Amino acid sequence: MNFLDYAPAPESKAILNLRNDYGLFIDGEFVDGTGTPFASISPATEQQIAMISNAGAADVDKAVAAARRAYDTTWSRLSGSDRGKYLFRIARLVQERARELAVAESLDNGKPIKETRDVDIPLVAAWFFYYAGWADKLEHAGLGPNPASLGVAAQVIPWNFPLLMLAWKIAPALAAGNTVVLKPAETTPLTALLFAEICQQADLPPGVVNIITGAGDTGDLLVKHADVNKVAFTGSTAVGRAIARSVAGTDKKLTLELGGKGANIVFDDAPIDQAIEGIVNGVFFNQGQVCCAGSRLLVQESVHDDVVDRLKQRLSTLRLGDPLDKNTDIGAINSAAQLKRISALSDIGEQEGAERWSADCAIPENGFWFAPTIFTNVSTSHRIARDEIFGPVLSVLTFRTPAEAIAKANNTPYGLSAGIWSDKGSRILAVADKLRAGVVWANTFNRFDPASPFGGYKESGFGREGGRQGLAAYLAPASTKADARTDTPKISARKKAAQ
Amino acid sequence: MTSTELATRERTLSLLGGEATDSNLRRYLHGIPGVDAVGLEQRAAALGTRSIKTSSKKWAIDTIIGLIDLTTLEGADTPGKVRSLVAKAITPDPADPSCPRVAAVCVYGDMVGDAVRALGAAHTTPAQPGINVAAVATAFPSGRASRAVKLADTADAIAAGADEIDMVIDRGAFLSGRYGEVFDEIVAVKAACARPDGTTAHLKVILETGELNTYDNVRRASWLAILAGGDFIKTSTGKVSPAATLPVTLSMLEVVRDWHRLTGEKIGVKPAGGIRTSKDAIKYLVTVAETVGEEWLVPELFRFGASSLLNDVLLQRQKLATGHYSGPAYVTID
């Protein structure tokens with residue numbers, strides 16, 4: 001027998017206890033939406049998982065009103081340590097239900113169970129634990145004594161890390177004393193709805209967390225709602241721009257975490273085997289559907305051939321297939337639309353003269369799949385070197401000197417992440433200093449920690465998530481908040497409404 | 001010099017660009033790309049999460065047994081203890097005749113004769129593959145003796161009928177940068193492995209990675225041992241902690257893979273010491289298969305140096321066959 005054809009080792013779906021239909025989670029209850037429900041499917045099989053409610057304008061109003069009520073009557077009045085208790089409770093429940101959440105995430109998103117089990121869900125718990133600890137220490141957030149919460153936060157998150165992005169948004173918002181209305185992506189609402197159950201289980205006061213599902217128009221209604229004080233969005237640069245336009249001229253605070261085209265720079269003195277692992281992890285983790293993916297490989301000319309050879313050999317060992325199999329390295333692409341975009345950009349890469357190589361792996365019949373692909377002979381002017389592909393596609397470029405590496409790495413409208421591979425510490429520090437990217441990893445890639453701020457430069461967005469900086473995004477200095485209260489007529493109107 | 005020795009020397013000269021002096025070796029070994037410890041350990045941990053089930057597990061269990069160097073290396077070893085070990089090597093599971101035999105028994109040099117006699121017809125002969133006798137030599141485990149003593153130690157074991165020699169490198173010389181000395185010693189021991197009939201015992205070079213301390217050192221020592229003509233590189237004596245670890249073994253496998261890319265020659269790897277459970281051993285199989293390829297999972301190219309591992313593997317084997325776990329009373333102590 002062939003040992004490397006490991007026998008199937010599927011994670012059981014029996015742990016899931018899903019409903020056939022999910023409502024909107026508003027004011028602590030699941031309620032039906034006014035829009036036409038839609039199906040959430042598994043991208044690996046295209047089979048329906050559940051029917052999901054669709055929130056219309058009236059539902060968004062209801063959710064924001066519930067969040068406002070909860071903010072005014074309970075959450076903003078709780079002591080920090082009491083808010084912390086709820087967050088710690090949520091974190092523990094996430095840990096208790098980790099296996100279930102991991103299976104649900106793999107099923108709904110298409111990413112391999114080993115990633116949801118070992119990365120996504122542990123990080124979700126870590127994020128809640130981290131911000132739970134901040135809840136009673138806000139005076140150390142860097143905004144002076146007694147910083148004030150903002151109010152109601154409207155949060156719209158993407159489909160690539162559904163539950164993790166939820167944690168990045170909800171944990172700091174609640175710790176700071178805000179209430180939230182969150183809209184998960186249309187293709188991946190499942191874990192957000194399981195999270196709603198966790199909020200019920202944790203006895204979180206009704207209205208503190210509201211989760212509304214729907215497509216882009218629901219998100220649009222939410223971020224444009226007059227009664228939200230903070231908008232946080234993670235997703236594409238195009239939508240981010242539209243949101244920025246819509247909040248311009250209002251007093252809403254805004255955080256945007258958008259696209260990227262991260263450069264992974266490999267110097268000739270790099271620890272080569274680990275660099276190969278880092279390149280693979282940088283662009284094939286989560287099928288490359290990562291905003292901070294290292295999708296541009298900048299490799300020093302003197303080691304280019306060796307690196308590409310080793311990379312191809314390594315990619316040939318990746319196992320593509322059933323996301324729920326514990327040995328799967330590459331899962332399904334999240335949606336047909338995304339697959340189309342990846343295929344289209346890859347075809348353009350070929351037409352523009354880059355050399356395409358894909359790992360030889362069997363593609364399942366149903367579902368959305370794309371074999372790990374690398375392009376060599378890529379020039380900086382090629383579209384595959386400039387556009388965010390958001391798929392398992394790596395563009396390989398070369399450089400001769402550190403100065404050229406820095407210039408090429410910075411030659412992008414984005415600025416979210418970068419990686420440096422070298423055995424020489426002084427070079428790592430010197431190069432990192434000149435890279436215009438929010439996160440620079442040295443001799444590693446795609447490592448996350450709740451204590452470390454994350455965010456972008458240029459078209460990759462603004463504001464930071466994670467760490468003290470991520471907390472400050474949901475706070476205002478005490479005096480500013482007082483001014484806003486007296487000066488803004490909108491707020492007095494709201495007070496009347498509450499009476 | 002035999003023709004293989006000549007070929008080894010020629011290749012070394014061309015790779016180093018000169019004789020195997022301290023400075024030439026230093027230039028070569030320090031030009032090898034470094035190892036990032038965090039990344040290496042992360043990769044090893046990831047390989048450790050592979051889930052090996054049902055038919056794959058069954059194959060893995062039998063393969064592990066066939067790759068074991070069943071070992072006794074105690075000051076208290078006696079001919080009786082060695083006979084008992086050999087009996088276990090021949091019939092690992094008395095209740096199941098289909099159970100494969102181990103690859104070799106590994107003993108101190110003065111026990112080689114007893115092991116050979118005890119094996120009898122089960123011993124490897126030129127005509128018939130069987131169980132090998134491996135002898136630790138060169139003032140094992142410390143290696144602190146004169147070159148003459150080490151060579152005599154080796155020659156003794158060969159004369160007594162050893163098929164494989166597990167030598168230790170001079171870690172002191174390695175750590176103080178006297179690479180030429182380490183190199184020459186391996187070459188000399190390899191020459192001492194020659195038998196009168198022109199054949200040569202297989203040479204495993206023990207790096208004692210626990211004393212080398214850094215992965216960069218492990219990698220350099222691996223290259224050095226292979227350049228000098230070692231047939232196998234082996235992690236540890238089992239007398240120093242830490243002994244074999246997955247990251248160390250992974251790093252050595254990467255060297256073996258690179259050597260194969262460079263020369264087309266296949267070198268063996270033997271993690272030894274500290275591997276006690278089937279679960280751990282399966283992680284090593286996965287690491288071998290995904291780093292150098294499945295063709296390395298044969299006794300000529302991969303071994304486990306272990307004693308207690310065998311019984312845990314046998315318990316797992318019985319469980320796969322019967323569907324339930326038995327207990328330590330259902331496997332034999334050797």
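Taken together, the values in this text are just the output of simple stated rules run on the coordinates, not laboratory data. Please read all numbers here as calculations on a predicted model, not as lab measurements. Neighbour counts are summed over all protein chains in view; Cβ atoms, including those assigned to glycine, are modelled from backbone coordinates with ideal geometry.
To the nearest 500 deg cm²/dmol, what mean residue ellipticity at 222 nm is calculated for chain B from DSSP H runs of n ≥ 4 alone, each contributing -39,500 (n - 2.57), summed and divided by the residues?
-15000 deg cm²/dmol, from helical runs alone.
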Q. A:W441's amide H: which non-local residues (gap 5+, or another chain) put their own amide H closer than 5 Å, with H modeled 1.01 Å from N in plane and none for Pro or chain starts?
A. A:A418, A:G419, A:I420
Q. If the viscosity is 0.890 mPa s and the temperature 25 °C, what Stokes-Einstein diffusion coefficient in µm²/s follows for region A:210-362 when Rh is the Kirkwood radius over Cα pairs?
A. 132
Q: Under 19 Å Cα to Cα from B:K53, which lysines show up? Leave out anything in the same chain fewer than 8 places away.
A: A:K13, A:K114, A:K326, B:K279, B:K283, B:K319
Q. Quick one: what do you get for chain A if you divide its Cα Rg by 2.2 N^0.38 Å?
A. 0.97
**Q.** Only Lys, Arg (+1) and Asp, Glu (-1) charged, at Cβ; the protein assembly as shown dipole about Cα centre in debye
**A.** 2180
Q: Return the calculated 222 nm mean residue ellipticity for chain A, to the nearest 500 deg cm²/dmol, obtained by summing -39500 (n - 2.57) across DSSP H runs with n ≥ 4 and dividing by the residue count.
A: -12000 deg cm²/dmol
Q. Using the Cα atoms as the points, what is the convex hull volume per residue of the protein assembly as shown in Å³?
A. 181
Q. Measuring from label point to label point, each 7 Å out along Cα→Cβ, what is the A:R356 to B:R26 span in nm?
A. 5.2
Q) Cα centroids of region A:295-364 and region A:188-247: how far apart, whole angstrom? A) 33
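Can you tell me the relative contact order of chain B? Whole percent, Cα pairs under 8 Å, sequence separation 6 or more.
This gives 18 percent for chain B.
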Q: Just give me a number: lysine pairs in region A:180-288, eight or more positions apart or cross-chain, with C-alpha atoms less than 15 Å apart.
A: 6
Q) Of the beta bridges DSSP finds with both residues in chain A, what % are antiparallel, to the nearest 5? A) 30
Q: Would you calculate the volume per residue, in Å³, of the smallest convex hull containing every Cα atom of chain B?
A: 131
Q | Cα convex hull of region A:198-271, projected area averaged across orientations, nm² | A | 9.1
Q: Could I have the simple spin-label model distance between A:Q313 and A:A403, label points 7 Å from Cα toward Cβ, reported in nm to one decimal?
A: 3.5
**Q.** Whole-Å distance, taken between Cα centres, linking region B:3-72 and region B:142-169
**A.** 23
Q. If r is the Cβ-Cβ distance from A:E139 to A:T380 and R0 is 45 Å, what FRET efficiency results, to the nearest 0.05?
A. 0.40
(Q) Between region B:252-274 and region A:433-453, what is the separation of their alpha carbon centroids in Å? (A) 34
Q) Mean projection of the alpha-carbon convex hull of region A:263-442 over all orientations, in nm²? A) 9.8
Q: Find the relative contact order for region A:263-442 and round it to a whole percent, using C-alpha pairs within less than 8 Å whose residues are 6+ positions apart.
A: 29
Q: Could you pull out every residue, at least 5 positions away or on a different chain, whose amide H is within less than 5 Å of the one on B:A272? Hs are placed 1.01 Å off N in the peptide plane, and Pro or chain starts have none.
A: B:T235, B:S236, B:A244, B:G305
Q. Tell me, what is the percent relative contact order of chain A, built from C-alpha pairs under 8 Å that lie six or more residues apart?
A. 18
(Q) Sorted from largest to smallest, which semi-axis lengths in Å does the alpha carbon gyration tensor of region B:178-303 give for its equivalent ellipsoid, taking the root of 5 times each eigenvalue? (A) 22, 17, 15
Q: Hey, can you grab everything whose amide H is under 5 Å from the amide H of B:T200? Only 5+ residues off in sequence or another chain; H modelled, so Pro and N-termini drop out.
A: B:R195
**Q.** Label-point separation, B:V240 to A:D433 (7 Å along Cα→Cβ), nm
**A.** 4.0
Q: Can you tell me the dipole magnitude for chain A around its Cα centre, using point charges on the Cβ only (Lys, Arg +1; Asp, Glu -1), in Debye to the nearest 20?
A: 1800
